[in-house]
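Comments concern the structure below.
The values are calculated or read from the model by the stated rules, or taken from the named source; none is laboratory data. A quick note: this is a predicted structure, and the numbers were derived from the prediction, not measured. Using ideal geometry, Cβ is built from the backbone for each residue, glycine included, and neighbour counts are taken over all protein chains shown. What goes into the accessible areas is simple: the full protein's heavy atoms, side chains included, and nothing from ligands, DNA or RNA. Shrake-Rupley method; radii C 1.70, N 1.55, O 1.52, S 1.80 Å.
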Amino acid sequence: MDNLPRRGPTGYRRRHLVALLAFLGILIEDSLRSVFVYTIDPMKTPYKVTLGNGTVVEKQDFTLDFDEISKVTRASFFGYVATQILGGWLGACLGGSRVFGVGVASTALFCLVTPFVIHTGVANLLIAIRFFQGLFEGVTYPSIIAVWSRWAPPQERARLVTTALSGSYFAIVVTPPVLRLIVKTLGWSYVFYITSIIGLIWFAVWWTVVKDKPEDDPHISTEELKYLRDNLDCGPNDYIPKHIIYPWDKFVTSMPVWAIVVALTCMCCCFNTLIIMLPIFMRGVYDYDVSNTGLMSFLPYLVMAVLMPVAGTLADWLRNSEVLTTTQVRKVFNCSSFISQAILVFLVIHINSVNGVLFCHVMIIGLSAFAWAAFSVNLLDIAPQHASVLMGFANTIACVPGFLSIQIIDYFTDYGWQYVFYYVIALYLVGALFYWAFASGERQRWAPPAPTPESESLSLQQRSNVI
């Protein structure tokens, strides 16, 4: 079993404030990312304008055709994928909190200027803005892992990480109704302005409050600082080597790394396929439109968002109570989630009840929380100093099949809609088997603890003696 202290300082602590602000940052970032998509219909809606001579004419703010809109929406994705590894590297070198904050703030600034670009009617300029916005979006998830490499002790790792990441799914719940309200009361352009201003306000708070290293936080207690230093790989004064060397040959040949990559890829691909396919299936088979039912349109994501910190807390408790080892916790959570989801997808195909399918829909999405409590934390288990770069590496690979979900759905539906679900079941089972076979919760030999100044000096002295 892992030989670690079971409890840290009790009560409200600075690391919990970091988790809260990270949660809000991810919620805001994901809302900013989706603003353009949610406002396409209001922007394209014609309206009447009375000219000075009394003539009434019909105008439209957004005149791009379908192909141009498709290019605009894809542009941010390409930017997002391009900076995943870079974001992890910058987070490790410059500090995860700085990179994360700049990523959200820059996304907000590009979002702020988007209405002005839309009014120009120049498609290529809008594509460029969306691409650059995607570049800054891409650094956020890897860099927040760099934050947790310094702020999340192993005893609380799953709870802190899942609390922050749950902001992404709360964004799915709160963003649509809030944006609709803004459009209805103020107009579509204010959606961009208001969300951007909220993002910049959040950035000011984050930049002021959150520090890259616990040692740099003037408000952290001595007790909490000692707790973090004793349980994280920090040398004296949180020494960090000036030159970080990434053993890419070890990365790409490490089966525990590939277990995480495969799990994340299977999760993203299944998730994207199901959120597209399940509403289509229910509308076609049961004549039930999920988008018009209010509660059911966001309930699956609300359940997932609530369950993520619950799953993280449970994972930490099982580990700290020595009921299971770190490796066992990660495997049980990820694999039980994937297998349960595969069973529920199978029931969707064969159950003959709209209420039964709705229940399965909620549970399939909701149970993803337990998988996220495993593989999203696992990188910090096996290589904490490389976790941000590995997150970028894994997310780069996972994004590709997720982006192709529509094409995959089109391919399988040519043979029958049930084959889309069989494809998802197969992915869940492959992900579960691969993760169970190769995942590890132990620090890898190619990721030793960071050297201290004393150890580096001793190493140099030993080399000189040898020479």
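Values as computed for the structure displayed
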{"quantity": "Residue under evaluation Tyr428, criteria (1) in contact (Cβ under 8 Å) with a residue 24 or more places away in the chain; (2) surrounded by fewer than 17 Cβ atoms within 10 Å (Cβ to Cβ), criterion not met", "calculated": "(2)"}
{"quantity": "Qualifying residues in the stretch 115-125 (those that are among the aliphatic types (A, V, I, L, M) and surrounded by fewer than 21 Cβ atoms within 10 Å (Cβ to Cβ)) - the one farthest from Glu68 (Cα to Cα)", "calculated": "Val117"}
{"quantity": "Which listed residue, of Phe434, Phe421, Phe393, Phe412, is open to solvent by 30 Å² or more (accessible area, probe 1.4 Å), part of a helix (DSSP H, G or I) and over 11 Å from Ala263 (Cβ atoms)", "calculated": "Phe412"}
{"quantity": "Filter pass, Phe346 being open to solvent by 10 Å² or more (accessible area, probe 1.4 Å) and either of a type in the set (Lys, Arg) or within 29 Å of Asn231 (Cα to Cα) (or both)", "calculated": "no"}
{"quantity": "In the stretch 243-258, residue farthest from Phe438 (Cα to Cα) [restricted to those that are open to solvent by less than 90 Å² (accessible area, probe 1.4 Å) and not in a helix (DSSP H, G or I)]", "calculated": "Ile244"}
{"quantity": "Test: residue in the stretch 131-141 that is crowded, with 24+ Cβ neighbours inside 10 Å, of a type in the set (A, V, I, L, M, F, W, C) and assigned to a helix (DSSP H, G or I)", "calculated": "yes"}
{"quantity": "Residue check for Leu112: closer than 17 Å to Lys213 by Cα and open to solvent by 10 Å² or more (accessible area, probe 1.4 Å)", "calculated": "no"}
{"quantity": "Output for the stretch 309-319, where each listed residue is in contact (Cβ under 8 Å) with a residue 24 or more places away in the chain and either surrounded by 18 or more Cβ atoms within 10 Å (Cβ to Cβ) or not polar (S, T, N, Q) (or both)", "calculated": "Pro309, Val310, Ala311, Gly312, Leu314, Ala315, Asp316, Arg319"}
{"quantity": "Count - residues of the stretch 1-57 that are at pLDDT 80 or above, open to solvent by 70 Å² or more (accessible area, probe 1.4 Å) and farther than 30 Å from Asp67 by Cα", "calculated": "1"}
{"quantity": "Per-region count, the stretch 58-78, residues assigned to a helix (DSSP H, G or I) and of a type outside the set (A, V, I, L, M)", "calculated": "10"}
{"quantity": "Residue within the stretch 439-452 that is assigned to a helix (DSSP H, G or I) and open to solvent by 40 Å² or more (accessible area, probe 1.4 Å) present", "calculated": "no"}
{"quantity": "Qualifying residues in the stretch 389-409 (those that are hydrophobic (A, V, I, L, M, F, W, C) and touching a Pro at 6+ places or on another chain (Cβ under 8 Å)) - the one farthest from Leu94 (Cα to Cα)", "calculated": "Ile408"}
{"quantity": "Contacts under 7 angstrom Cβ, first residue in the stretch 345-373 being under 23 Å from Phe333 (Cβ atoms) and of a type in the set (Phe, Trp, Tyr), partner open to solvent by 30 Å² or more (accessible area, probe 1.4 Å) and in a helix (DSSP H, G or I), 6 or more apart", "calculated": "Phe370/Ser336"}
{"quantity": "Residue in the stretch 143-155 that is closer than 30 Å to Asp61 by Cβ, open to solvent by 10 Å² or more (accessible area, probe 1.4 Å), touching a helix residue (DSSP H, G or I) at 6+ places or on another chain (Cβ under 6 Å) and in contact (Cβ under 8 Å) with a residue 40 or more places away in the chain present", "calculated": "no"}
{"quantity": "Test: Ala128 is in a helix (DSSP H, G or I) and surrounded by fewer than 22 Cβ atoms within 10 Å (Cβ to Cβ)", "calculated": "yes"}
{"quantity": "Any chance Gly441 is within 22 Å of Leu314 (Cβ to Cβ) and more than 15 Å from the chain's Cα centre (by Cα)", "calculated": "yes"}
{"quantity": "In the stretch 183-205, the residues that are part of a helix (DSSP H, G or I) and surrounded by 21 or more Cβ atoms within 10 Å (Cβ to Cβ)", "calculated": "Val191, Phe192, Thr195, Ser196, Gly199, Phe203"}
{"quantity": "Residues (farther than 27 Å from Leu20 by Cβ and of a type in the set (Lys, Arg)) located in the stretch 59-111", "calculated": "Lys59, Lys71, Arg74"}
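Listed here are the residues, each with its yes/no results for (1) under 15 Å from Thr162 (Cβ atoms); (2) of a type in the set (Ser, Thr, Tyr); (3) in a helix (DSSP H, G or I).
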position	(1), (2), (3)
Asn272	no, no, yes
Pro300	no, no, yes
Val303	yes, no, yes
Ala311	yes, no, yes
Ala315	yes, no, yes
Leu324	no, no, no
Lys331	no, no, yes
Ile339	no, no, yes
